[in-house]
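Data block below; observations after.
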Amino acid sequence: MRQFFTTVFILLITTGSNAQTCTLSGRVINFKDTTLTLNLLYAGAHYHNQSVEIKLNAGGKFKQTIALPYPVFALLKYNEFERRLLLSPGRNLHLSFNALQSEENILLAGTAGKENNLLNQLKIEDIPFFMQGKWEENVYAKMPIDSLEAGVLQVVRKEYAAARIKIESTPVPGNLQQILLKEYKYVNQCFLYDFAGNFMRWAKNKDQEQFLNKVISLEPLPDSATLVSCLYANMMLDNYTRYQLMKAGEDFRKDSVTAKHRIESLLQMPFAEINKQAEQYGERYILSWLYARQNLPEKIQDKVLFNKIMESCNNKLFSTAKALEDTLQRYYPTSSYFSMARLEVNKLRQLFEQQSGNTKIVFHTGKKIKSLKEFVQAYKGKVVYLDIWGTWCGPCRVEMGYVPELKKRYAGKDIVFVYLDMDDDNKENLWKEMAYLYELEGEHYRLNNDEIQSCWKEIENEGGVTNRYPTYVLFDRDGKMVKANAERPGSREKLYKQLDEVL
């Protein structure tokens with residue numbers, strides 16, 4: 001399977017000699033917004049950095065040519081409407097839907113119509129019966145292991161057998177049948193993993209660990225061919241890796257010496273070096289690679305690296321992405337994933353170089369905030385919107401995606417955007433890197449965990465919830481804290497109302 005592509009990406013440009021194209025066309029009825037988003041799921045999650053915007057014409061119609069190296073799942077989004085698609089080189093798809101109706105009312109046609117209608121019928125991503133409703137009321141979460149075998153696993157196996165008959169009886173190419181079969185199998189395992197790791201754990205089920213062990217071994221590790229196109233196979237591989245790392249580090253607080261020896265044995269590296277790399281590049285990125293290098297089949301190690309490169313690029317962690325790309329080139333210089341990985345890392349590099357000259361991103365290096373009341377006086381006469389965040393904080397990065405819309409709305413207004421990062425002193429370079437890559441124009445300060453406690457105390461004194469990242473604080477023109485827990489950028493109109501009231 002490794003000969004199928006040299007490089008890839010989207011739109012009208014075919015970036016690799018082996019990439020072919022498919023055409024996605026259709027119509028949105030009763031449309032309002034004029035843009036669709038197509039997210040190509042090449043790696044192990046829904047990453048925004050591999051998305052393409054598709055414009056609708058005056059009649060709501062669209063047509064887009066896409067370069068593809070191989071079949072890939074994609075997510076088509078239009079406002080609240082979402083549809084999972086399976087796109088393949090040389091197979092065109094035509095779709096139409098009414099923006100005012102249910103997602104079920106979609107027409108799929110073209111040479112790729114059969115497999116996409118089949119995908120629609122399989123309802124692969126629907127919440128399974130054993131995870132529906134609130135976990136507190138979930139009867140399955142409290143079941144003993146024997147009942148789970150009969151009431152959950154046997155039912156899942158029967159559903160897969162029925163899906164297999166449906167897939168194999170549908171006249172689509174054999175390779176696409178195999179992709180759908182594997183995707184169905186691994187999405188079930190992913191749901192079961194989440195059920196055991198969350199619902200059963202929250203319910204304090206005494207058989208939780210035993211059932212989780214059973215789920216982990218339910219399917220074989222996906223092979224290299226499966227990992228090429230199957231999103232949930234990649235997700236399950238990541239689950240498997242994190243599970244093994246978690247098992248090695250369990251009881252760390254009770255017996256750190258034994259746990260460290262287990263981790264060293266698993267990763268074949270001194271614990272001090274493991275810890276150093278995890279701190280430098282982020283443990284969720286580097287530990288997966290270190291585990292894969294020593295414990296997973298060689299043929300799938302490059303896909304683990306590729307997935308982590310895509311994840312770090314999506315989160316705009318340039319230093320991590322570059323280190324992983326260098327590792328991919330060192331160990332797997334002929335990997336078919338290398339061209340796409342380099343393309344994504346280069347995008348980050350170009351953005352960083354462009355933004356590093358942005359004089360509207362101001363760092364107050366070495367200037368420590370001892371009091372919010374005192375520091376806000378420097379901006380007296382203007383409204384201050386304070387964002388307390390951390391480079392390690394996933395929800396913080398999510399909210400940063402809404403900042404451009406916020407800044408555009410309040411351009412020219414008397415409002416100052418201030419960013420207070422909570423990170424250790426050795427994270428100063430990462431702090432600046434992320435501010436540039438997220439294009440956070442405004443005033444930037446950094447405090448470590450000890451230094452920021454006085455700020456949390458002030459927020460607490462004003463009735464705010466503390467030690468929660470991200471936290472947003474709103475000050476009026478006189479420097480008075482008027483909202484100890486202001487709305488986040490993603491709340492849009494709720495935040496705009498708060499800002500307008502103070503302005």
Open item on the list: Yes or no: the stretch 83-91 includes at least one residue that is surrounded by fewer than 14 Cβ atoms within 10 Å (Cβ to Cβ) and of a type in the set (D, E, K, R).
Closed with: no
Task: Boolean, Y186 is hydroxyl-bearing (S, T, Y), outside the structural domain of N138 (by TED's automatic domain parsing) and either under 18 Å from the mean Cα position of the chain (by Cα) or part of a helix (DSSP H, G or I) (or both) - done: no
- [ ] Go through the stretch 336-377 and give me each residue that's in a loop (DSSP other than H, G, I, E, B), closer than 25 Å to I300 by Cβ and without any contact (Cβ under 8 Å) to a residue 40 or more places away in the chain.
- [x] Y337
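A quick yes/no check of all residues on (1) in the same structural domain as E183 (by TED's automatic domain parsing); (2) out of contact with any Asp or Glu (no Cβ under 8 Å at 6 or more places or on another chain); (3) assigned to a strand (DSSP E or B):
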position: I66; (1), (2), (3): no, yes, yes
position: F73; (1), (2), (3): no, no, yes
position: K77; (1), (2), (3): no, yes, yes
position: R84; (1), (2), (3): no, no, yes
position: H94; (1), (2), (3): no, yes, yes
position: S102; (1), (2), (3): no, yes, no
position: N116; (1), (2), (3): no, yes, no
Open item on the list: Tell me whether the stretch 309-332 contains one or more residues that are of a type in the set (G, A, S) and assigned to a loop (DSSP other than H, G, I, E, B).
Closed with: no
Task: Scan of the stretch 173-216 for residues that are farther than 19 Å from I127 by Cβ and basic (K, R), ordered by number - done: K182, K204, K206, K214
Task: Every residue from the stretch 94-111 that is of a type in the set (S, T, Y) and either crowded, with 16+ Cβ neighbours inside 10 Å or at pLDDT 85 or above (or both) - done: S96, T111
Task: Selected residue [at positive phi and either not assigned by TED's automatic domain parsing to the domain that holds I369 or not hydrophobic (A, V, I, L, M, F, W, C) (or both)] from R488, R492, R446 - done: R492
Task: Residue check, Q329 under 30 Å from N461 (Cβ atoms) and of a type outside the set (K, R) - done: no
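Table: residues versus (1) closer than 14 Å to L386 by Cα; (2) within 20 Å of the chain's Cα centre (by Cα).
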{"residue": "G442", "(1), (2)": "yes, no"}
{"residue": "D450", "(1), (2)": "no, no"}
{"residue": "C455", "(1), (2)": "yes, no"}
{"residue": "E460", "(1), (2)": "no, no"}
{"residue": "Y469", "(1), (2)": "yes, yes"}
{"residue": "V473", "(1), (2)": "yes, no"}
Open item on the list: I'd like to know if the stretch 200-211 contains one or more residues that are of a type in the set (D, E), out of contact with any Lys or Arg (no Cβ under 8 Å at 6 or more places or on another chain) and more than 30 Å from P89 (Cα to Cα).
Closed with: yes
Task: Qualifying position, being buried (at least 21 other Cβ atoms within 10 Å of the Cβ) and over 25 Å from A225 (Cβ atoms), among L36, L56 - done: L36
Task: Checklist (1) in contact with a Leu (Cβ under 7 Å, 6 or more places away or on another chain); (2) under 30 Å from E460 (Cα atoms); (3) modelled with pLDDT of 95 or more applied to K368, failing item - done: (3)
Open item on the list: Here are the criteria: (1) touching a residue at least 12 places away in the same chain (Cβ under 8 Å); (2) under 28 Å from K32 (Cα atoms). Tell me which single one S102 does not satisfy.
Closed with: (1)
TODO: Tell me, yes or no, whether the stretch 154-172 has at least one residue that is in contact (Cβ under 8 Å) with a residue 24 or more places away in the chain and surrounded by fewer than 13 Cβ atoms within 10 Å (Cβ to Cβ).
DONE: yes
Task: Enumeration of residues in the stretch 351-377 that are among the polar types (S, T, N, Q) and under 12 Å from R446 (Cα atoms) - done: T365
- [ ] Report yes if some residue within the stretch 140-161 is among the small types (G, A, S), under 29 Å from L68 (Cα atoms) and either part of a helix (DSSP H, G or I) or not assigned by TED's automatic domain parsing to the domain that holds Y47 (or both); otherwise report no.
- [x] no
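From L212, L181, L218, which residue is assigned to a loop (DSSP other than H, G, I, E, B) and over 30 Å from I29 (Cα atoms)? Step through it out loud before you land on a result.
Values: L212 fails: assigned to a loop (DSSP other than H, G, I, E, B); L181 fails: assigned to a loop (DSSP other than H, G, I, E, B).
Answer to the check: L218.
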- [ ] Quick one: N346 ticks every box in (1) touching a helix residue (DSSP H, G or I) at 6+ places or on another chain (Cβ under 6 Å); (2) modelled with pLDDT of 95 or more except a single one, so which number is it?
- [x] (1)
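Mind listing just one residue for me: the one in the stretch 215-227 that is closer than 18 Å to S335 by Cβ and among the aliphatic types (A, V, I, L, M) and, of those, surrounded by the fewest Cβ atoms within 10 Å (Cβ to Cβ)?
Quick first cut of the stretch 215-227, residues closer than 18 Å to S335 by Cβ only: 222-227.
The next check asks that each one be among the aliphatic types (A, V, I, L, M); those that pass are 225, 227.
Details: A225: 17, L227: 26.
It comes out as A225.
The values are calculated or read from the model by the stated rules, or taken from the named source; none is laboratory data. Just so it is clear, the structure is predicted and the values come from calculations on it, not from any experiment. Glycine gets a Cβ as well: all are built from the backbone with ideal geometry, and neighbour counts include every protein chain shown.
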